[in-house]
Amino acid sequence: MAQEVTIEEHVQHIDDELARLILTVAGMSVDIRNEFPHRLMGIAGTNKYGEVVAELDAWVNDYICKKLAATGLVRKIYSEELVQPMLVKEDAPFVVAMDPLDGSSNIVTNNPFGTIIGIYRKDLPVSGDNLAASLYKLYGPITTLVYDAGKGVHEFVKHRKGHAKYCLLNENMRVPSEGGVFGLGGEPLDWTPEFLGFAKSLVKVHGLKLRYCGAFVGDFSQILHKGGFFAYPSSVKSPKGKLRLFYEAQPMAKIFEDAGGATWSGSESLLQTKCDDVNVRTPLYFGSKELVELLKGVKTVAHKDGE
Ligand code: AHG
Ligand code: MN
Ligand code: MN
């Protein structure tokens, strides 16, 4: 069997400080995964959006903040679970945006969920194009980590036989340009009729299979590997959709576009949207270049009745 390449070896070709930050995130997996069994049901309260915060959300948030702060490489941490950003070390090189636990409602049903992290050198306002690196971890049947530090998209799996490290699984990943699966969030009768028509074409014209797991990281991983389309679209009830531009859309759009996929906000690539408010939501469309080009001709932005 070919010699396994560990993530420690792989990050040697990127900026040293960025590599140290990525390895710090990689090093958290065992502790985090070990917490799952006894933090399954607990509710820790509600977050700044009034959303229920699972006990594991709060624990993982605190744990990651502590570990990132200890590196001495982080100036500021913005988190979906922090009301105010955590000011860490004034002269440190990086600003971190994170969704510490994405898809936490999947915990009690033992479905996939994960962590999304965007790493910037500059503070707000930013667009996804300002990202120095993006990475996500996916806790599923296996634990995987995908990182993009501007030199390709690379996936690693934890604990491959005989290894307690992350080993390279896929290097320089490319989104397949044909076929694949699709997942669409929200309520179909709440989308624009035009987007509902586009959704039907994914089956009738493009022959895609429905795959929706309810965690962005899981649904993202499916189209990164198999190709196809994922959206949490604009709807009448939520014209800006559900997912957050800063914590979810921008970091994942960098990975997806660097792997040859395309993204859309309803008016531009999700890497171009300027972000100066960490709480802002955005309609979110990810797909092959062909499907996103077709989508651009579709009226996707819904308006509340009467607006
Ligand atoms: P989070 O757990 O960080 O709040 O994210 C949940 C999000 C995202 O992961 C997923 O795509 C979406 O919620 C699913 O929403 P629905 O439950 O409406 O399908
Ligand atoms: Mn999330
Ligand atoms: Mn979350």
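Taken as a whole, the condition of being near ligand 1 (Cβ under 10 Å from one of its atoms) and without any contact (Cβ under 8 Å) to a residue 40 or more places away in the chain does not apply to E90.
Every condition in (1) touching a strand residue (DSSP E or B) at 6+ places or on another chain (Cβ under 6 Å); (2) closer than 20 Å to L135 by Cβ is met by G45 except one, and the failing one is (2). For V175, the criteria (1) surrounded by 17 or more Cβ atoms within 10 Å (Cβ to Cβ); (2) under 28 Å from G214 (Cβ atoms); (3) of a type outside the set (D, E); (4) assigned by TED's automatic domain parsing to the domain that holds A58 hold in every case but one, which is (4).
Looking only at residues of region 229-275 that are in a helix (DSSP H, G or I) and surrounded by fewer than 23 Cβ atoms within 10 Å (Cβ to Cβ), we find that the one that is nearest to ligand 1 (Cβ to nearest atom) is E257. Taking the stated definitions as given, is V88 of a type in the set (A, V, I, L, M), buried (at least 20 other Cβ atoms within 10 Å of the Cβ), in contact with a strand residue (DSSP E or B) (Cβ under 9 Å, 6 or more places away or on another chain) and assigned by TED's automatic domain parsing to the domain that holds F156? Yes; evaluated as a whole, the condition is true for this residue.
Only residues that are within 12 Å of ligand 1 (Cβ to nearest atom), hydroxyl-bearing (S, T, Y) and not in a loop (DSSP other than H, G, I, E, B) were counted across region 99-121, and they come to 3.
In region 69-94, how many residues are part of a loop (DSSP other than H, G, I, E, B), away from ligand 2 (no atom under 16 Å from the Cβ) and of a type in the set (A, V, I, L, M)? Adding up the residues that qualify gives 5. L124 falls short on exactly one of the conditions (1) touching a residue at least 60 places away in the same chain (Cβ under 8 Å); (2) within 16 Å of ligand 1 (Cβ to nearest atom); (3) assigned to a loop (DSSP other than H, G, I, E, B), and that condition is (2).
H38 falls short of the stated requirement of being more than 21 Å from T143 (Cα to Cα), assigned by TED's automatic domain parsing to the domain that holds A132, at pLDDT below 95 and more than 16 Å from ligand 1 (Cβ to nearest atom). Cβ-Cβ contacts under 6 Å between residues 6 or more apart (or on different chains), taken from a first residue in region 165-191 that is in contact (Cβ under 8 Å) with a residue 12 or more places away in the chain and more than 19 Å from S201 (Cβ to Cβ) to a second residue that is of a type in the set (D, E) and surrounded by 13 or more Cβ atoms within 10 Å (Cβ to Cβ), are listed as C167/E4; L169/E155; N170/E155. Among the residues in region 116-132, are any of a type in the set (V, I, T), within 16 Å of ligand 2 (Cβ to nearest atom) and under 15 Å from E80 (Cα atoms)? Within region 116-132, one or more residues are of a type in the set (V, I, T), within 16 Å of ligand 2 (Cβ to nearest atom) and under 15 Å from E80 (Cα atoms). With respect to (1) more than 27 Å from L124 (Cβ to Cβ); (2) buried (at least 24 other Cβ atoms within 10 Å of the Cβ), the lone exception for E290 is condition (2). Screening region 66-84 for residues that are surrounded by 15 or more Cβ atoms within 10 Å (Cβ to Cβ) and more than 20 Å from I22 (Cα to Cα) and picking the one that is nearest to ligand 3 (Cβ to nearest atom) gives E81. Checking each residue in region 95-111 for being more than 12 Å from ligand 2 (Cβ to nearest atom) and farther than 21 Å from E17 by Cα picks out I107, V108, T109, N110, N111. Looking only at residues of region 126-181 that are hydroxyl-bearing (S, T, Y) and under 18 Å from the mean Cα position of the chain (by Cα), we find that the one that is nearest to N106 (Cα to Cα) is Y139. Restricting attention to region 154-199 and to residues that are in contact with a helix residue (DSSP H, G or I) (Cβ under 6 Å, 6 or more places away or on another chain) and among the small types (G, A, S), the residue that is farthest from Y139 (Cα to Cα) turns out to be G180.
The values are calculated or read from the model by the stated rules, or taken from the named source; none is laboratory data. This structure is a prediction, so every number in the text was calculated from the model and none was measured. All Cβ positions, even for glycine, are placed from backbone atoms using ideal geometry, and neighbour counts span all protein chains on display.
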